[in-house]
Amino acid sequence: MANSQSNSNLDLEPQFSLPQCNQTSPLLSLPLELRSMIFDLILPYPKGTKLLPNVHSLFQIAERGERGRKVYKQHEKVLGLARTCQQLNSAFLPFYFTSYTFSFPDAYNLYRYLYMIGPHRRRLIRSIEFYLRSGFLYSTMVMSNREVFLLATEVLADCTSLERLNIGVSWETIAGMQKGQDTLLAMRDMGYLDALKGMGLPRLDLRMRESTNWSSEAAHTFEQDWHPSWFKKADIKEFEEILRKDMMSSKIAEDIGKLADKLNSQVTTTKEITYPENFDSVGRRRSTRIRKKNVKGTS
C-alpha cells in the first residue's frame, strides 16, 4: 500500500440528490473483478494513499453551489462517474471511500468534512487520522477544545465501518483546561469524547502519538517508534487503551448490562411480616368475644 500523502480537492461528495433513473449501465453488468479494475483506474491515487482534503476550498465550492453560482468542481473528474446515475453512484462511492486514509490537521476540519459528506458516506470510511486540537488557537474565530471535540466526535461516531484511527495529541489538546485537570484522562472523564463510547468496532486499530507539527512527516510517526516531550509515554498509551475499549465496546451490550443491573436492583427481599395483636400467624382475626362464666348467684 502506498503511504504518500496528497493534498486533494477531489473528494467532495455530490451536493445534490441524483434524479430517478430507469436506465441500466452496461458497466454494472460486468463481473465484480472487472468493475474493480476499472474503478482502480479511475481513482486519482493508489489505494491506501493518505488524502488531506482541502476542507476550506470544498466548503467554498458547496456554498457557491447553494447560491446558484456555476463553478468548476475539480473533484468532478474523479467523482464524475458517481454523478451519471444512481446505480453507479451506489457502486463507486463505497469503493472510493474505502480506498483511502482521510487525514485532517485538527478536529474542526474533521468535523466539517464528515458533516459535509453526510451520514451514509461517513459509514463507508475505514481509515481516518487527525490532530486532536480545536484548530482555533491562533485564530480570531474562537471555539474551545471542548466545543470542537464534541462536534467532531458526534459525526465521527457515525463512522461505523472504521478499522484504523490515528490520533495526534500535544499540549494543544488540553489547552484551556484548568490547572490540575489538564491531562488526557481528565479530558476523557469530563465527557469530551463520550460520543465515541459503544461504537462496537471489534477490529479497530487505534494508535495515539504525540505530535507538535501535523505535516507529511508527522503522519509517519504512527508507523515508527516515538519519544514524546510533553506527555509521558505511559499516559498516552493508557489513554489510547481506554479510548480503544470505549470504541470497541457495543452500545447494545452496554444497554443490556445496564438493564440487567436495574432489574437486579429492583428484586425485593422477603421481609418478616408482623401482625397486630388481634391477628394470628396466618392473618386470621382472633375472636374478641368474652365468654361469660355461668356463676350461680346466692339469694
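Some notes on this structure:
- Spacing of the two label points (7 Å from each Cα toward its C-beta) at D235 and A62, in nm: 3.6
- Cut-off 15 Å (backbone N to label point 7 Å along Cα→Cβ of V142), residues of region 151-188: 175-178
- Each Lys or Arg adds one and each Asp or Glu subtracts one; over the other residues with Cβ under 13 Å from the Cβ of G176, this totals 0.
- In this structure, S250 and K47 have a Cβ-Cβ separation that, at R0 = 30 Å, corresponds to a calculated FRET efficiency of about 0.55.
- Take each peptide in 158-166, 115-123, count the other Cβ atoms within 10 Å of every residue, and average; sorted highest first, the result is 158-166, 115-123.
Coordinate-derived values only; no laboratory data. None of these values were measured; they are calculated from a predicted model. Cβ atoms come from the backbone with ideal geometry, glycine included; neighbour counts cover every protein chain shown.
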